[in-house]
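To keep things clear, I will list the structure first and then write my remarks on it.
The values are calculated or read from the model by the stated rules, or taken from the named source; none is laboratory data. Keep in mind it's a predicted model, so treat the numbers as computed, not measured. Every residue, glycine among them, receives a Cβ derived from its backbone with ideal geometry; neighbour counts consider all protein chains shown.
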């Protein structure tokens, strides 16, 4: 915080340049404390990013060796894998979470479903109408709930147009993005695994 003595101005929240002699000592001290702590946090975040990248590389290398040695796939699909130490005391779990979305093909599915409902209007149950309306309801950002749309596929109707609509839903789905989660666990005395937290909020 010795740099404050050399400063001539502080920039306030409105972007104004305030001369040092017009800033209260306590405000100047707070500014220094906050910026110093935040910089430490940012430095630690960068270290964690590098650590995660190194861990991902190590796990990928092990999986590659395992495939080469045994010709067997380690873990589940889509990159999910669980590794345990020989004594079972430690466990590393890697999960790939994918966010799904729909392209413009979903509009075709909606039109086909609307046609079905019009044809079935006299005999259609209110629950079906509500389910369809909820499935295609958009949120504030203009998106739909993926799982509500997919819930329509549980309705197995023997109707060609309905089946075409379900195919349109399948064809319109795509992976929007994916995120890799790495979790670390240590076995307790009772045999259950306890997470090793890397989040300030859980410490």
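Some points to look at:
- First in region 144-156 and outside the structural domain of residue 132 (by TED's automatic domain parsing) and within 11 Å of residue 100 (Cβ to Cβ), second anywhere and at pLDDT below 85 and assigned to a strand (DSSP E or B), Cβ under 9 Å, 6 or more apart: none
- Meets criteria (in the same structural domain as residue 200 (by TED's automatic domain parsing) and at pLDDT 90 or above) for residue 111: yes
- Criterion applied to 190, 160, 87 was being over 31 Å from the mean Cα position of the chain (by Cα) and under 30 Å from residue 48 (Cα atoms), and the one residue passing it is 87.
- Residue within region 47-62 that is in contact with a helix residue (DSSP H, G or I) (Cβ under 6 Å, 6 or more places away or on another chain), at pLDDT below 95 and either assigned to a strand (DSSP E or B) or farther than 21 Å from residue 200 by Cβ (or both) present: no
- Members of region 127-143 that are without any contact (Cβ under 8 Å) to a residue 12 or more places away in the chain and surrounded by 10 or more Cβ atoms within 10 Å (Cβ to Cβ): 130, 133, 137
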